[in-house]
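*Asks:* This structure is in structure tokens; I'll ask about it shortly.
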Amino acid sequence: MTAQFKMIISVELVGVDGVRQRGEIANVKRSVDDARLDDFGLSLEESKEIQLHLQKELTQFQTDQAVQRDRKCSHCDCSRQVHDYRSRAIHSLFGLCRVRVPRWRRCECGSSARLATDCAPTLLNGRATPELERIQAELGSRLSFREAARVLDIFLPTARVHNHRTLRNRLAKVADQIEKWDVASPYRLSRAGKSPVSVVIDGAYIRAVPGYQSRHFEVAMGRVVSQGRAPRQFAGAPHMATGKHDILRAALRAQGWLPGRDVTVFSDGQVGLQNIVLSATHQPVTHILDWFRLSMRLRHIEQAWEGIRHLHDLNVYLRDVAVHVPRLRHLLWSGYVREASEAVTQMLAQLDQHPGLRDATGKLRRLCELINNLGTYLAQNAASIVNYCRRYWSGQPISSSPAESAANSLVNARMNKKRQMRWSPIGTHRVLQVRAAVADGRLKKAKLNLAV
Ligand SMILES: [Zn+2]
């Protein structure tokens, strides 16, 4: 017989009338003699047990307190008699709570007036607590539904309520509600005055479910940045009742934008994405080609050149290329598009005459391709290339690399190509709504009511 000691956990509940009630929650036993580190402190299972019992005590007590409030007849102030009891089941973060709720008889005074108060119906309005729904939606937007269900099951004292279907349904409800609010939200008066609002927009391709009209569909996402406010994320999938431009318009409104105020758009130059902004604002906007994207293209060229510049006899033929490749970045940084395009043309002409181009030297061919692509890119986006240098030093934004992070945080973690998952536009749309709301901290503040 080993020596054992106990920790008895009990609660004391004090009602509005001052009456106290005690209940035992748990009894944790430990042995002294062959104690090991395994037994040190509470185990996860024990803590789940304790949480579950605490929650049961509290929810039943809360219910009791509420129904007592509702008991008084509003007409004669008498306490009514119990008619019968009903059981209500509500899912909470700490387990399924089954509470006993009495139904009251009609008062002896004969009044059929409704309850003086409606405490219990207000309290028990719904099948799951908003906190549980929010956490299920948040995890479902970060992990696959199955993984999210597993994580919840590891840490929370619940029996089989977190399956992937529940999670998907909860996320869908939360997403639809967030979207409904966003779209219905009014314009907010801005104190930021005339400072322009920036929209950083980006696209991503998602693998579509079998049977969808194409193998991939494009989602748009990004953020709206306004001075003095935290950036607001937005994202939308195609073929939704709420279009991408509706979602963007809601985000603009939330950031204090009003029609007529300047909007600057940072993008990769994709016309489709720019058009979303135009349909959201119904007004001309300023496009700026994202320096980050431009810089990436230059970097690829620089790297390709770095890989072959040391090969002998190249420099003799490619003297112009050697001069222009390092210059390109400086030219474009200061917004000299015409000069940069001329440099591209010269380089292409020289590369074209190079005897090595026809040989199997893949590196040279690759350099040629990259420069050629840059030429096309510059021609297409000449109007949206600005003097980045000046903007940068005057503290104005020049890059949508924040959109890259939006794309990363919104899409890549959950829907990237490595996960062999296929998505429907509606499923994607919902996950994106929740992810964007999580990223902004909007989900935490949301007062969810999914009962209806
Ligand atoms: Zn009465």
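*Asks:* Could you order the peptides 32-44, 96-108 from most to least packed, using the average number of other C-beta atoms within 10 Å per residue?
*Replies:* Descending packing order for the listed peptides: 96-108, 32-44.
*Asks:* Grab the DSSP H runs of the chain that are 4 residues or longer, score each as -39,500 (n - 2.57), total them, divide by all residues and round the 222 nm result to the nearest 500 deg cm²/dmol.
*Replies:* -14500 deg cm²/dmol
*Asks:* Name the long-range amide H neighbours of His91: under 5 Å, sequence gap of 5 or more, or other chain; modelled H, no Pro or chain starts.
*Replies:* Amide H neighbours of His91, under 5 Å, 5+ apart: Cys97, Ala128, Thr129.
*Asks:* Defining a contact as two alpha carbons under 8 Å apart and six or more residues distant in sequence, what relative contact order in percent does region 292-384 show?
*Replies:* In percent, rounded to a whole number, it is 35.
*Asks:* Distance between Cα centroids, region 48-85 to region 176-249: provide it in whole Å.
*Replies:* 44 Å
*Asks:* Show me, for region 306-311, the HN-Hα J-couplings you get by feeding each phi into the Karplus relation (A = 6.51, B = -1.76, C = 1.60, θ = phi - 60°), rounded to Hz, glycine and proline as x.
*Replies:* Listing the rounded values in order: 4, x, 10, 5, 7, 4 Hz.
*Asks:* Quick check on my link table: of Lys48/Lys444; Lys244/Lys363; Lys29/Lys445; Lys244/Lys447; Lys56/Lys445, which ones sit more than 32 Å apart, alpha carbon to alpha carbon?
*Replies:* Pairs exceeding the cut-off: Lys244/Lys363; Lys29/Lys445.
*Asks:* If I fit a long axis through the Cα atoms of helix 130-142 and take the longest principal axis of the Cα atoms of the chain, what angle between them do I get, 0 to 90°, rounded to 10?
*Replies:* With rounding to tens, the tilt is 30 degrees.
*Asks:* Starting at the first residue of region 227-241, write each ³J(HN,Hα) from the Karplus equation 6.51 cos²θ - 1.76 cosθ + 1.60 with θ = phi - 60°, in whole Hz, x for Gly and Pro.
*Replies:* Karplus values, whole Hz, x for Gly and Pro: 4, x, 10, 5, x, 10, 8, 9, 6, x, 9, x, 6, 9, 4.
*Asks:* Right, something else. Given the chain, what whole percent of its Cα pairs are spread farther than 27 Å?
*Replies:* For the chain, the share of Cα pairs beyond 27 Å comes to 68 percent.
*Asks:* Another question, then. Show me the ranking of peptides 377-386, 286-295, 207-216 by mean Cβ neighbours inside 10 Å, starting with the highest.
*Replies:* So the peptides 377-386, 286-295, 207-216, ranked by packing, come out 286-295, 377-386, 207-216.
*Asks:* Can you pull the one-decimal nm distance between simple spin-label points at Asp34 and Lys445, each 7 Å off the Cα toward Cβ?
*Replies:* 5.7 nm
Quick note: the coordinates plus some simple rules give every number you see, no bench work behind them. Please read all numbers here as calculations on a predicted model, not as lab measurements. With ideal geometry, Cβ positions are generated from the backbone for all residues, glycine too; neighbour counts draw on all protein chains shown.
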